[in-house]
Amino acid sequence: VEAAQIGIYTSDLETDTRQWSAEVYTIAGQPPGSMKTAEEAWSIVHPEDRARVLETHRRALDPAGNGDFYSEHRIVRPNGDVRWITWRGRTFFRETASGRIPTRRLGACIDITERKLAEIELQRSESKFSKMFNASPHGFAITTFDEGRYLEANPAESALTGYTREELIGRRALELEFYDDPEESQKIRRLLTKDGTVNNYKFRFRRKSGEIL
């Protein structure tokens, strides 16, 4: 637990007592023993995530469920530093005369800030690429290397070929008779294999209408 920097906690729901490991306090940026109540624990959850996390907590207490819970959310340290954590655990129940009730829960949390920030940056990068891809006045397409099967095409590619995006995706260029000379496909593939890139390569292609450009 110490080596993996995993924070572990246990709560006795019948006596309303809880224990947190030293790693939980480290992740929270709090001195050991400073959090004693559930309210103090919930207070470190980022305000924008709190309602969602509390709903996850509420569902895990439902006797009709299996008690498992999982969340990725932000916490705010006393110094204002925002961290991302994975929160996972289980609620345990016991049978009573009045039905099944939650009695105890065990859980763990891990600081995933670096990974989460990398994911967010990747999403931003992909969003930028998507905007450039779709807004470009030039025909852009992503295809498989071996078959030349369309995986993605931008609006300019559709305008150029005469096919809608839906008509292109999943189909091969040769199947569409895109190349006036089918051998061009092999030539381009050989150049890409040899040099890794192809620039200013001129060839004749056939639009959906049959027009050659």
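Observations
- Pairing each residue of the stretch 155-166 that is surrounded by fewer than 17 Cβ atoms within 10 Å (Cβ to Cβ) and of a type in the set (Asp, Glu) with any residue that is at pLDDT 95 or above and not in a helix (DSSP H, G or I), provided the two are 6+ apart or on different chains, yields no C-beta distance under 9 Å.
- Pair list, Cβ < 8 Å and 6+ apart or interchain, from the stretch 21-44 residues that are within 11 Å of Gly7 (Cβ to Cβ) and part of a helix (DSSP H, G or I) to residues that are aliphatic (A, V, I, L, M) and at pLDDT 85 or above: Glu23/Ile6; Glu23/Ile8; Val24/Ile8; Ile27/Ile75; Ile27/Ile85; Ile27/Ile110; Ala28/Ile44; Ala28/Ile75
- Lone qualifier among Phe69, Phe129, Phe92 - being within 23 Å of the chain's Cα centre (by Cα), of a type in the set (Phe, Trp, Tyr) and exposed (fewer than 14 other Cβ atoms within 10 Å of the Cβ): Phe129
- Count of the stretch 161-182 residues, restricted to those that are in contact with a strand residue (DSSP E or B) (Cβ under 7 Å, 6 or more places away or on another chain) and within 15 Å of Leu151 (Cα to Cα), is 7.
- Applying the criterion of being surrounded by 10 or more Cβ atoms within 10 Å (Cβ to Cβ) and free of Cβ contacts under 8 Å to residues at least 24 places away in the same chain to the residues of the stretch 187-200, the residue that is nearest to Arg171 (Cα to Cα) is Ile188.
- Yes/no for Thr56 being in a strand (DSSP E or B) and hydroxyl-bearing (Ser, Thr, Tyr): no
- From the options Trp84, Trp20, residue that is open to solvent by less than 80 Å² (accessible area, probe 1.4 Å) and within 27 Å of the chain's Cα centre (by Cα): Trp84
- Selection status of Arg74, touching a His at 6+ places or on another chain (Cβ under 6 Å), open to solvent by 40 Å² or more (accessible area, probe 1.4 Å) and modelled with pLDDT of 95 or more: yes
- Residues of the stretch 104-116 that are open to solvent by less than 60 Å² (accessible area, probe 1.4 Å), assigned to a strand (DSSP E or B) and touching a Phe, Trp or Tyr at 6+ places or on another chain (Cβ under 6 Å): Gly107, Cys109.
- Options Gly99, Gly148; residue that is buried (at least 16 other Cβ atoms within 10 Å of the Cβ), among the small types (Gly, Ala, Ser) and on the phi > 0 side of the Ramachandran plot: Gly148
- Selection of the stretch 179-213 for residues being in a loop (DSSP other than H, G, I, E, B), closer than 20 Å to Glu152 by Cβ and modelled with pLDDT under 95 yields Thr197, Val198.
- Test: Phe140 is surrounded by 14 or more Cβ atoms within 10 Å (Cβ to Cβ), over 29 Å from the mean Cα position of the chain (by Cα), farther than 30 Å from Thr56 by Cβ and among the hydrophobic types (A, V, I, L, M, F, W, C): no
- Screening Leu176 against (1) more than 33 Å from the chain's Cα centre (by Cα); (2) in a loop (DSSP other than H, G, I, E, B); (3) surrounded by fewer than 16 Cβ atoms within 10 Å (Cβ to Cβ) leaves a single unmet condition, (3).
The values are calculated or read from the model by the stated rules, or taken from the named source; none is laboratory data. Note that the structure is predicted; figures quoted are calculated from it, not measured. No Cβ is skipped: glycine too gets one built from the backbone with ideal geometry, and neighbour counts run over all protein chains shown. For accessibility, only protein heavy atoms count, side chains too; no ligands or nucleic acids. Shrake-Rupley method; radii C 1.70, N 1.55, O 1.52, S 1.80 Å.
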